[in-house]
Amino acid sequence: MNLRQALTFLTVAELGTVSKAALRLRVAQPALSRQIIDFEQELGLRLFDRVGRRLLLTGEGEQLIEGCRLLLNSVSSLKEQAQLLRQGDTGVLRIAGSPQHIESVLSQFLHRYAERYPRVEIRIREGTGSEIMAMLERGEVHLGQNLLHAVRLNEQHFGSLPLGAVQLLAAGHRSMPLGPHRTIEIAALAGQPLLLLDSGFGFRRAFDAASRMAGLKPTIMFESRNPHTLLALAEAGHGIAIVPSQLQCSRYKLRVVGLTHRRRVLQEPLTISWDKRRPLPRFATDYCAMLAAHMRETFPITRPTEPAKARRSDRIRPKRASRTT
């Protein structure tokens, strides 16, 4: 069976004569009659009874007619869906990101994206740097957010778009020795109890690389896959949390400073990547461009705390005692 035979069968059954069906389908009557005969032979069934000039469905034909309608309706629906897909504004987009990226960036950005592409369904996967890279390689997601130097990216197979930079921050209770300024040298953390993301995170590997560069051997008090666990422990005075500037920290009472090495701010470029061997629909490429623009407006999510202002009594010089005569 092919779709042309199904359409011919349905049209003849609906109009009742070969001549009318031939006009509608723009086919010569002999050719159309031949199609009906071939269809009956292929199925091994007699589909029509000839009554005068009319063709009436047999019992077998009656039972097959509904299936043919469903088949042709499905084909029509499939064509409509393909047309929408060609327009590039409908479909499913699978993305992967770190927990902090999903919480701080995507929670707000997805509303903006949905205004532009209301018919695109977003499916989000959470993961660490290496996990996200594995999802891309296996074809489980279209796009993956990661720190550029946290994973090895085969440039022949994978493309990427820069999204900005993530600064390395140290957050702790105000009793912690984080200094009076907005930044602190990473080497100054020597001997301090540190609260770190586990080694699966690209951000942790970036911190480890910076520590080696500065000759710091970290004193690790606790590691976690949940960055907010680190912030809660830091707020309670159990150590200094090392977190990325894309993490939302405002609901914790913490002093936050940026990490530097030889006075240079420590930061890592953030990217969104895709497999170049798998063509992206327009709504996916637009997602990347829109996300980059959104992050230029909103980054960094968390900034270093402003240094405490000197007390007014410290700024006003005491009056000299008046001379007595």
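The values are calculated or read from the model by the stated rules, or taken from the named source; none is laboratory data. All values derive from a computational prediction rather than experimental measurement. Don't worry about glycine lacking a Cβ; one is built from the backbone with ideal geometry, like all the others, and counts go over all protein chains shown. When the accessible area is computed, the model is the full protein with side chains, heavy atoms only, and any ligands, DNA or RNA have been set aside. Shrake-Rupley method; radii C 1.70, N 1.55, O 1.52, S 1.80 Å.
Once you have all Cα-Cα distances for the chain, histogram them in 20 Å bins from zero and send the whole-percent values.
25, 32, 20, 15, 7, 1, 0, 0
In a GNM of the chain with a 10 Å cut-off on Cα contacts, which of 170, 292, 190 has the highest mean-square fluctuation?
In this elastic network of the chain, the residue with the biggest mean-square fluctuation among 170, 292, 190 is 190.
Is the C-alpha gyration tensor of the stretch 105-220 telling us rounded, prolate or oblate? Criteria: a/c under 1.5 is rounded; beyond that, a/b larger than b/c is prolate, otherwise oblate.
Cα axes put the stretch 105-220 in the prolate bin.
Find the Rg to Rh ratio for the stretch 97-143, where Rh is the Kirkwood radius over alpha-carbon pairs and Rg uses the same atoms.
With Rg and the Kirkwood Rh in hand, the quotient comes to 1.01.
Hey, what did the stretch 88-242 get for relative contact order, percent, Cα under 8 Å, at least 6 apart?
24
Nearest 20 debye, what's the magnitude of the dipole of the chain about its Cα centre given +1 on Lys and Arg Cβ and -1 on Asp and Glu Cβ?
My answer is approximately 2160 debye.
Compute the long axis of helix 3-15 from its Cα atoms, compare it with the longest principal axis of the Cα atoms of the chain, and write down the angle in degrees, 0 to 90, nearest 10.
It works out to around 60 degrees.
Can you compute the modelled spin-label distance between residue 53 and residue 19, with each label point 7 Å from Cα toward Cβ, in nm?
Output for this residue pair reads 0.4 nm.
Angle between the Cα long axis of helix 107-116 and the longest principal axis of the chain, 0 to 90 degrees, nearest 10?
Result, in degrees: 40.
Hey, what angle do you get for helix 129-138 against the long axis of the chain, alpha-carbon based, 0 to 90 degrees rounded to 10?
Roughly 20 degrees, rounded to the nearest 10.
How large is the translational diffusion coefficient of the stretch 206-287 in µm² per second when you combine the Kirkwood radius over alpha carbon pairs with Stokes-Einstein at 20 °C and 1.002 mPa s?
Rounded, D is 136 µm²/s.
Would you mind checking which residues have amide H under 5 Å from residue 219's amide H? H placed 1.01 Å from N; only 5 or more apart, or other chain.
191, 192, 194
What is the Cα radius of gyration of the stretch 7-142 over 2.2 N^0.38 Å, N being its residue count?
The stretch 7-142 yields a ratio of 1.82.
Which one of 2, 59, 100 has its Cα pushed farthest toward the positive end of the charge dipole of the stretch 1-113, where Lys and Arg give +1 and Asp and Glu give -1 at the Cβ?
2
Suppose accessible area is computed on protein heavy atoms with a 1.4 Å probe; arrange 217, 276, 79 from highest to lowest.
Highest to lowest solvent-accessible surface, that is 217, 79, 276.
Using a Gaussian network model on the chain with a 10 Å cutoff between Cα atoms, which of 95, 36, 122 fluctuates the most?
Highest fluctuation among the options: 36.
Can you give the longest stretch of the chain with no exposed loop site, where a site means GluC sites (Glu not before Pro) in a DSSP loop (not H, G, I, E or B) with at most 15 other C-beta atoms within 10 Å?
No qualifying site falls inside 156-325, the longest such stretch.
Among 213, 12, 27, which residue has its Cα positioned farthest towards the positive end of the charge dipole of the chain, with +1 placed on the Cβ of Lys and Arg, -1 on the Cβ of Asp and Glu, and the dipole taken about the Cα centre?
After comparing all options, I get 213.
Mean separation of Cα pairs under 8 Å and 6+ residues apart, divided by the residue count of the chain: what relative contact order is that in percent?
With pairs under 8 Å counted, the relative contact order is 20 percent.
Between 196, 41, 161, whose Cα lies farthest towards the positive end of the dipole of the chain when Lys and Arg beta carbons carry +1 and Asp and Glu beta carbons carry -1, centred on the Cα centre?
Of the candidates, 196 comes out farthest on the positive side.
Using helices alone, what [θ] at 222 nm do you get for the chain, with -39,500 (n - 2.57) per DSSP H run of 4 or more residues, divided over all residues and rounded to the nearest 500?
For the chain, the value works out to -12500 deg cm²/dmol.
Under 14 Å from a point placed 7 Å out from the Cα of residue 71 along the Cα-to-Cβ direction: which residues of the stretch 1-16 have their backbone N that close?
Only 1-13 fall inside the zone, counting backbone N under 14 Å.
Under a GNM of the chain (C-alpha, springs under 10 Å), which listed residue has the highest mean-square fluctuation: 29, 246, 108?
In this elastic network of the chain, the residue with the biggest mean-square fluctuation among 29, 246, 108 is 29.
Run the dipole for the stretch 97-254 about the Cα centre, Lys and Arg Cβ at +1, Asp and Glu Cβ at -1, nothing else charged, and hand back the magnitude in debye, nearest 20.
It comes to approximately 260 debye.
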